[in-house]
Structures are given as structure tokens and as C-alpha cells.
1. Can you tell me the length gained on complete extension of the stretch Gln112 to Leu25, counting 0.36 nm per residue apart and subtracting the Cα distance?
2. Roughly what % antiparallel, to the nearest 5, for the DSSP beta bridges in the chain?
3. Using amide H atoms built in the peptide plane, which far-off residues or other-chain residues are under 5 Å from Asp28 H to H?
4. Angle between the Cα long axis of helix 351-383 and the longest principal axis of the chain, 0 to 90 degrees, nearest 10?
5. Using a basic spin-label model with each label point 7 Å from the Cα along Cα→Cβ, how many nm lie between Arg421 and Asp64?
6. Let me know the shape class of the stretch 55-286, please: from the alpha-carbon gyration tensor, a ≥ b ≥ c as square roots of the eigenvalues, rounded when a/c is under 1.5, otherwise prolate if a/b is greater than b/c, or oblate.
7. Which parts of the stretch 65-108 would a label at Ala259 reach, counting a residue when its backbone N lies under 16 Å from a point 7 Å out along Cα-to-Cβ?
8. As I understand it, the dipole of the chain uses +1 on the Cβ of Lys and Arg and -1 on the Cβ of Asp and Glu, about the Cα centre. Which of Phe246, Ala591, Asn80 lies farthest toward its positive end?
Amino acid sequence: MLRSQQVRRGLWFSATGLACLLALLLSDTWTWRRQLDRSAADLLVRQVASHNPQPAIVIIAIDDQALSNETGFGRLTEWNRSIYAQLLDKIKSARVIVFDLLFTGANPAGDQAFAQALAPLEHPILAVSRENQTKQIIEPAQQLQTGRVVLAHSDIIVDPDGVVRRIQTHYEQPELYPAIALASAQAWWHLPAGLNTELTATTLANGVTIPVNNASFMLNYAGPSQTYPQVSLLAVLNGAVDPALFNDKIVLIGSTAAALGDRYTTPTSPLMDGVEIHANAIGTILNANALREQSPVGRRSILSGLVIALTLIAMIRRPWLLFSAMVIGTSVIVISAVSGLQQQLIRIDLASPLLAIGVTGLVMLLVQNNLQRQDHTQVLDLFAKRTPPSVLNELLKAAERGQLKLGGERREVSVVFMDMRGFTTLAERLPPEAMMQIINTYLDLIAKALIQHGGTLNQYAGDQAMAIFNAPVGQPDHAQRAIRGAMAALSAIVAFNRSAAARALPAQASFGAGINTGIGVVGNVGAQERYDYSVIGDVTNVAARLCGAAPANTIYLGPDTLAEDLGDLQSSIQAIGPLVLKGKETPLDVAAIVVAE
């Protein structure tokens with residue numbers, strides 16, 4: 001019976017673990033789960049950001065002062081583009097110059113000067129953009145597309161949660177437009193235009209490979225906003241900045257003015273200007289440290305492994321062990337995520353495994369708690385009235401630890417049988433009600449004495465009582481306990497028979513007892529719906545035969561009981577000699593203890 005119960009509980013744990021796993025895998029496609037994963041990964045990125053910007057990059061900022069009518073040139077769209085020609089003259093020592101600005105439409109007053117300033121530059125890059133609705137590419141004025149000017153797109157991908165984590169590598173229609181970051185890297189390394197694009201990587205002409213997913217690559221931000229050095233456009237034009245700052249650098253010119261709204265949320269900063277995002281993208285390529293996303297297969301494998309591991313640990317039925325596994329698992333996941341990001345540039349979804357640990361662990365703790373309550377109920381049903389409080393407490397503690405074994409185990413026990421002398425004669429001459437009153441009165445005395453000495457009362461069978469010592473809780477002195485319990489029971493009967501209460505009964509009774517020690521199989525015996533804790537084996541049969549042979553007020557002890565350490569009880573034992581018990585062919589050396597009347 002108990003084996004089937006253990007199987008059912010194992011299946012219950014397995015089914016619960018499977019339900020947790022299916023729920024976690026199903027939620028993997030839900031928006032809130034993906035958002036939770038992204039936010040947790042962003043937190044990790046923010047904590048381990050290098051704060052070491054690529055030294056080849058400098059930003060020239062078109063700030064609010066540059067847009068002021070008092071201190072600058074007014075609205076950006078109304079600027080005379082000859083301003084940029086003046087700027088180029090100041091920074092012409094740069095290796096790569098990138099304009100993160102759209103120069104759409106003609107600017108007759110300044111385009112010629114601007115174009116003339118662009119013409120001699122080795123690596124000038126102008127921005128294009130793709131219109132969202134029509135997908136039409138918006139290019140700079142034709143007059144500016146001169147000399148070595150490279151057109152590159154400046155569009156920024158914003159994830160559904162409003163955070164910028166990646167850059168589109170290129171547009172292919174109507175012709176190839178690389179991202180500003182890719183064009184800048186090609187120019188920095190003096191590479192020819194063109195990209196070798198595949199589903200999982202983009203390779204430059206010098207062999208540098210950028211991991212991509214859906215034609216975009218993930219940025220590795222150097223830090224929060226303004227990690228990259230910035231100088232004001234006005235300061236450069238006014239000669240307040242040493243031109244040597246730009247020598248052999250990649251210089252990006254873009255807006256940092258709040259009024260232009262070119263600001264985005266990134267994993268490392270609540271607001272970052274678009275031009276600095278491009279700077280981080282360039283730095284990512286030059287440093288060859290683009291992040292890679294964890295594959296869906298890898299993420300689901302980790303989830304499955306965690307759920308299976310926690311389910312198996314939960315089956316051990318040690319809540320402290322399960323809780324420890326949750327703590328250790330959480331630590332391992334966090335350390336692995338940090339290590340994976342720092343060493344292998346893998347952006348691990350931190351929330352999913354932590355959610356798996358939390359959900360599965362808590363559910364399994366609830367299951368363990370429920371099974372513990374069931375075990376408590378089972379223990380109370382079986383032993384509450386059959387064992388002393390100290391033994392019952394030990395059983396409950398064993399149930400809490402998942403160490404209670406009631407399904408059958410071989411164990412040395414001492415078994416006590418006690419039954420009434422002259423029961424048949426009394427039953428023939430007394431009415432059933434009177435007989436039941438007598439039996440219950442005496443069996444109550446016996447039960448109290450045996451339980452008081454640590455026995456587990458097993459059963460009543462008519463006028464007979466049986467108790468087990470050393471099970472289900474271990475008792476090193478079980479033989480002594482059994483003898484003392486039987487002596488106390490017979491003494492209580494003798495004392496009762498002298499009392500006025502005994503004289504009020506229809507008749508008085510006396511009992512004999514038999515005790516044997518040996519190996520038996522102890523555990524729950526019976527049907528699924530009705531079972532008792534008992535012991536089966538020759539040790540029980542011999543104890544019953546000894547009891548049947550013992551005279552009134554006498555305890556017969558089997559040879560194995562006599563072989564135990566009986567301490568001061570030895571003085572009360574009287575040898576009887578070999579005795580052939582019913583059902584036995586070989587005589588047994590039996591001794592007796594007589595309780596005086």
C-alpha cells in the first residue's frame with residue numbers, strides 16, 4: 001500500500017514539475033515575460049558596462065546654445081550650410097567625419113561651400129533615413145553627394161518597450177546603405193564599400209565579423225550618457241577647442257539639443273542622444289565586442305534543466321534542501337550571466353531562469369507542505385492513541401524530515417502479547433454487555449502501561465493486546481522497555497483487582513504475557529482504505545505462543561529477549577527451561593517473571 005502511495009507522490013511531484021515547465025515555456029512568448037527578460041538583461045548590462053569608451057571617437061554637439069537666436073544660429077533647418085564648411089575646416093585633420101544630420105532639400109546659400117569642403121575629405125559620411133510609411137530613402141541634397149562622400153543610414157531601432165538595444169546593419173533598396181557605424185568602421189580601417197551579409201553575421205572586408213539577428217546587431221554600450229567626450233559646435237567654430245583633439249579621429253556631428261527630440265532610452269541611460277548611440281555603435285564594431293543574444297533553444301534548455309533539477313530535489317522531501325537549491329541556483333545563474341556577458345559577450349535572459357527557480361521552488365514547497373500535512377494526519381491517525389507523546393513527537397518530526405518509513409522494513413523489535421486467562425469460561429456465563437465492560441476495563445489498564453513505557457500499541461483481538469517496541473521509533477533498550485511495560489500492566493491489573501472498582505464488575509480477570517525479541521518486518525499492513533502499523537514474522541508468532549503458555553500474572557520471555565542487556569531486571573527472571581511451543585518442533589529456553597498478587 002505505502003509503495004503505491006510513494007509512487008503516487010512521485011507522480012504528483014512529476015506532474016507538478018511538468019505543469020510548471022509548460023507554464024514557463026508558454027509564458028516565454030508573452031509580452032510581459034519578454035519585457036521582464038529584457039529589463040533584467042538591461043540591469044545586468046548597466047552593472048557591468050565597461051565605462052571605457054573607444055578613444056578614437058569624438059562628438060561635436062549641436063546643443064541648445066547653437067540653436068539659440070542670441071548665442072547661436074537659430075533653428076537647425078534654417079542654418080546656412082556654409083557653417084558646416086567652416087566646421088570642416090576646423091576638424092579636417094580627422095580621419096573620418098560623420099554627419100548625423102539630414103541635409104534634405106537645397107540650401108543655395110551654403111551648399112556650394114559645404115560641398116567644396118566635403119570634396120577633399122578622405123572619409124566623409126552623410127546620413128540618409130528611410131521613411132516609415134513608404135520605405136522611401138531620404139537622401140541629402142544632390143549637390144552634397146560629391147567626392148568621396150559615403151551615404152549611410154542614421155535610423156535607430158526602438159524595441160517595443162521603447163529601449164534602443166540594436167542598430168540595423170544596412171538597407172538594400174534601391175542600393176546598399178550601411179549603418180553609420182558600419183560605414184565609419186569601414187572608413188576607419190580604409191576598407192572598400194560593401195558588406196558580406198548573412199543571416200547570423202555581417203563580415204567586413206578585413207574579416208571582422210559582427211553577429212547579427214534579423215539584419216541588426218546588438219550594441220555594447222560603454223556606459224551612460226556622455227561617456228563619450230563631447231565638445232560644443234560653437235566652441236569649435238570659435239577656436240576654443242584645440243584642433244589636435246580631432247587628429248586621426250572619428251568625429252561625429254549631431255544634435256544634443258533637447259528641443260530637437262533626438263533622444264532615446266538605452267539599457268545604460270534613461271536618455272541618450274542619437275549621436276551618442278551611433279558613437280556606441282561605432283565603438284562596438286571597432287572593439288569587436290558586439291553582444292549576442294541567448295538563443296531560444298539555450299534559454300528553454302536552461303528552464304527545463306532548472307525545473308527538472310528542482311523537481312528531483314523536491315522529491316527528497318527536505319524543505320531546507322529545496323530552499324538551499326533555490327539559493328544556490330539563483331547564485332549560479334547570476335554569476336553565469338555576469339560571466340557570460342563579460343567573457344563571452346552573451347546577453348543572457350536573467351529573468352527567465354530566476355522566474356523558473358522562484359515559481360518551481362515555491363510550488364514544490366507548497367506540495368511538500370501539503371504532503372507533510374498528509375503525513376502528520378496519517379501519523380496521528382495511526383499512533384495518536386497508541387504511543388506515548390514523546391514517541392508521537394519523534395514520529396511527527398520524522399514525517400517533517402521525510403524520513404518516516406511506514407511502508408515495510410526489516411527491523412529488530414521486541415513484541416509483547418497479553419491476554420486474559422479464563423476468557424472462554426467468562427464469556428459463556430456472562431452476558432455480552434458485561435463481558436465487554438470487563439474486557440475494556442482491563443485492556444485500558446494494559447494499554448496505558450505499555451504506552452507509558454514507549455510501546456506502540458498494535459491491536460486488540462478480543463481479550464488480547466499486542467505492542468511493539470523499537471518501532472517505528474528506535475529504542476536501544478527496547479527489550480527492557482517491553483519487560484517493564486508488561487510488568488507494569490500486570491501490576492496494575494493486580495492492584496485493580498484489589499480495589500472497590502474491581503468489585504463492582506460482574507467478574508474479575510487475570511492476564512498472562514509473552515515477550516519475544518527478533519527481526520520482523522514492520523510497517524502498515526492492511527487494505528488501501530483500512531490498515532494498521534504492525535509487525536509480521538516469526539518474532540510475532542513466538543511472542544503469541546509464549547503468551548498463550550504463560551500462567552496468570554506471569555511473563556514468559558523468549559531466548560532472544562533473554563540475550564539482550566536486561567540490566568537489573570535479571571534479578572527478577574526465573575529460568576523455566578526448554579519449552580516446546582505450539583507450532584514449534586524445537587524446544588526453546590524460556591524464562592519467566594512472576595508478578596506477585
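Only the coordinates and a few stated rules stand behind these numbers; no lab work does. Predicted model only: the values in this text are computed from it and were never measured. Every residue, glycine among them, receives a Cβ derived from its backbone with ideal geometry; neighbour counts consider all protein chains shown.
1. Values: separation 87, 0.36 × 87 = 31.32 nm, distance 6.02 nm.
Once the chain is fully extended between Gln112 and Leu25, it gains 25.3 nm.
2. Values: 55 of 82 bridges.
That works out to approximately 65 percent antiparallel.
3. For Asp28, whose amide H was placed from the backbone, there are no distant partners under 5 Å.
4. 10
5. 11.0
6. Numbers: a/c = 1.43, a/b = 1.30, b/c = 1.11.
It comes out rounded by the Cα gyration axes.
7. 65-80
8. The one lying farthest along the dipole's positive direction is Ala591.
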